[in-house]
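Q: Structure incoming, see below.
The values are calculated or read from the model by the stated rules, or taken from the named source; none is laboratory data. Everything numeric in this text was worked out from a predicted model, so none of it was measured. As a convention, Cβ positions derive from the backbone with ideal geometry for all residues, glycine included, and neighbour counts pool all protein chains shown. For accessibility, only protein heavy atoms count, side chains too; no ligands or nucleic acids. Shrake-Rupley method; radii C 1.70, N 1.55, O 1.52, S 1.80 Å.
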Amino acid sequence: MTKKPTYEELEQRIKELEKEAVEHKRSKEELQTILNVVPVMIFQKDRDGKTIRTNQAFDNMIGLSKEQIIGKTTDELFPEHGKDMIKDDQEVIESGKQKFDIIEHYDSP
């Protein structure tokens with residue numbers, strides 16, 4: 001049976017969690033800065049195909065703000081070619097293996 005933490009132990013744990021949260025936020029901001037200086041389009045999607053992160057080159061290339069992009073699916077962002085992109089995504093998810101040399105077409109403004 002585990003003993004209940006003391007008030008001081010809880011206070012210490014809260015301080016540790018607050019510090020971790022600040023470090024996590026800083027790391028996310030650093031990653032975004034790095035992604036934004038890369039001149040090629042980079043975007044990340046979740047397993048449901050919703051966009052969760054993009055870089056500035058991606059935003060500029062499709063002509064939308066980050067707020068207009070985040071949460072959107074490939075079909076919503078690329079109506080003409082989304083189905084092909086989703087097919088590639090599913091193959092990667094199902095096989096667990098990367099695909100290289102994928103050429104995906106899209107229409108930009």
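Q: For the chain, give the percent of accessible area contributed by carbon and sulfur heavy atoms, probe 1.4 Å, rounded to a whole number.
A: Working: 4850 of 8820 Å².
Solvent-exposed carbon and sulfur of the chain make up 55 percent of the total.
Q: Please state the relative contact order of the chain as a whole percent: Cα pairs under 8 Å, 6+ residues apart?
A: 17 percent
Q: While we're on this one: Run the paramagnetic zone check for Gln44: 7 angstrom along Cα to Cβ, then residues of segment 58-97 with backbone nitrogen under 16 Å.
A: 58-59, 70-72, by backbone N distance to the label point.
Q: How much accessible area per residue does the chain have, counting only protein heavy atoms and a probe of 1.4 Å, in square angstrom?
A: Normalised by residue count, the accessible surface of the chain is 81 Å².
Q: Taking P(r) over Cα pairs in 5 Å bins from 0, in percent as the quantity of interest, determine which of (i) 2, 12, 23, 26, 21, 12, 3, 0; (ii) 2, 11, 19, 21, 19, 13, 8, 5, 2, 0; (iii) 2, 10, 15, 18, 15, 11, 7, 6, 6, 5, 4, 2, 0 was computed from the displayed structure.
A: (iii)
Q: Arrange the residues Leu64, Leu77 by how much accessible surface each exposes, largest first, with a 1.4 angstrom probe.
A: The residues order as Leu64, Leu77, largest area first.
Q: Give the cross-link partners of Lys4 among the lysines, using a straight C-alpha distance below 28 Å as the criterion and excluding same-chain residues fewer than 8 apart.
A: Excluding near neighbours in sequence, the set is Lys15, Lys19.
Q: To the nearest 20 debye, what charge dipole does the chain have about its Cα centre, counting +1 at the Cβ of each Lys and Arg and -1 at the Cβ of each Asp and Glu?
A: Using only the charged Cβ atoms, the result is roughly 420 debye.
Q: Roughly how tilted is helix 7-37, in degrees to the nearest 10 and between 0 and 90, from the longest Cα axis of the chain?
A: Helix 7-37 and the main axis of the chain meet at about 20 degrees.
Q: How tilted is helix 82-95 with respect to the longest principal axis of the chain? Cα atoms for both, answer in degrees (0 to 90, nearest 10).
A: On a 0 to 90 degree scale, this one is about 50.
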